[in-house]
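Undergrad: Below is a structure I'd like to ask you about.
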Amino acid sequence: MAIEKNKAFWQWPEYRWTSPGMDWKQGKVITCGIDVGSVSSQAAIMADGNLYAFSNMRTGSSSPDSASKALNWAFEGTGMCNDDLQYVVGTGYGRVNVPMANRVITEIACHSLGAKHIYGPSVTTILDVGGQDCKAILCDERGKVTNFIMNDKCAAGTGRGAEAISDILGIPVEEVGERSLEIPCEPPPVNSTCVVYAKTEAMGLLRKGWSAEKVLAAYFKAMAHRVVELLLRIGIEKELAITGGQSKNIGLVKRIEKELGIAPLSWKEIDPQIAGAIGAALFGRAIVEKSHKGK
């Protein structure tokens, strides 16, 4: 993976992927889901319900531009273009501003369906830790949402919170989870749930002689408690899957597991940060197949 020059600590690496053994031209139904979030944007292209290519990049100042850039990057090297897509579904924070979308669907519904695809049919509870909000979602065996609750009042416990603490400590955001586990014993959590105050508290702890790893541990412990409270409010059911960018923060995931006493399902092949885009593409496939049945 190429490293971006002069990258700020809070800027996580952007990346794309194409299935090495799949010929999309053999697919009967080619759909795309574009998830424009507050921090990141993803485009997932699927052929007959199988993931063919995706891109994951930081969201810019314009939702339409972010959607277009994500899609064009997913196309890169594939020989595909917009005309090859039979249906495009927009989702996420900026879903109403996805210019090429045939339809928009909420990120809650898309993350539920996408989590089922990534983690398997046993999933009943999804925790989506996004850039500026967290969502606890319950779904049935088909991936249909039965209940959800969200917290979007503060960026603490979200991707932006992790970015902020990364920047203060001068540690690349993709390393903070691992670094937070490099401590001899677990410290008490930071007191504040507000990113602004948490940053001030972190600076104070550093001045007291705390290591960066200990500060991270205290922050992610508080972050885990915040999202666990959300899960307990909705009534968590096994199995639990985590989606969104912070699903890859092992320091957060391990502390959620410890506080809940339930181990979230592990992801192996498909990046859970693109769950929303995958769910959107799957909705697109269902719409196309339903229209074919009506003919």
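The values are calculated or read from the model by the stated rules, or taken from the named source; none is laboratory data. Bear in mind the structure is a predicted one, so any value in this text is a computation, not a measurement. Note: ideal-geometry Cβ built from the backbone for every residue, glycine included; neighbour counts use all protein chains shown. With ligands, DNA and RNA removed, areas are computed over all heavy atoms of the protein, side chains included. Shrake-Rupley method; radii C 1.70, N 1.55, O 1.52, S 1.80 Å.
Undergrad: Please tell me if ILE262 is among the β-branched types (Val, Ile, Thr), in a loop (DSSP other than H, G, I, E, B), touching an Asp or Glu at 6+ places or on another chain (Cβ under 6 Å) and open to solvent by 20 Å² or more (accessible area, probe 1.4 Å).
TA: no
Undergrad: Run SER61 past the list (1) among the hydroxyl-bearing types (Ser, Thr, Tyr); (2) closer than 28 Å to GLY161 by Cβ; (3) surrounded by fewer than 23 Cβ atoms within 10 Å (Cβ to Cβ); (4) at pLDDT 95 or above and report the number of the one that doesn't hold.
TA: The number of the failed condition is (4).
Undergrad: Scan the stretch 237-259 residue by residue and report those that are hydrophobic (A, V, I, L, M, F, W, C), touching a helix residue (DSSP H, G or I) at 6+ places or on another chain (Cβ under 6 Å) and open to solvent by less than 10 Å² (accessible area, probe 1.4 Å).
TA: Scanning the stretch 237-259 gives ALA241, LEU252, ILE256.
Undergrad: Report, ordered by the first and then the second residue, all pairs with beta carbons closer than 6 Å, sequence separation of six or more or different chains, a first member in the stretch 8-24 that is open to solvent by less than 60 Å² (accessible area, probe 1.4 Å), and a second member that is small (Gly, Ala, Ser) and at pLDDT 95 or above.
TA: Listed pairs, sorted by first residue: THR18/ALA53; TRP24/ALA47.
Undergrad: Hey, another quick one. Are any residues in the stretch 193-212 in a helix (DSSP H, G or I) and polar (S, T, N, Q), and if so, which ones?
TA: Across the stretch 193-212, the qualifying residue is only THR200.
Undergrad: So, one more: Pick from ALA218, ALA222: which is crowded, with 20+ Cβ neighbours inside 10 Å, over 24 Å from LYS135 (Cβ atoms) and touching a residue at least 12 places away in the same chain (Cβ under 8 Å)?
TA: ALA218
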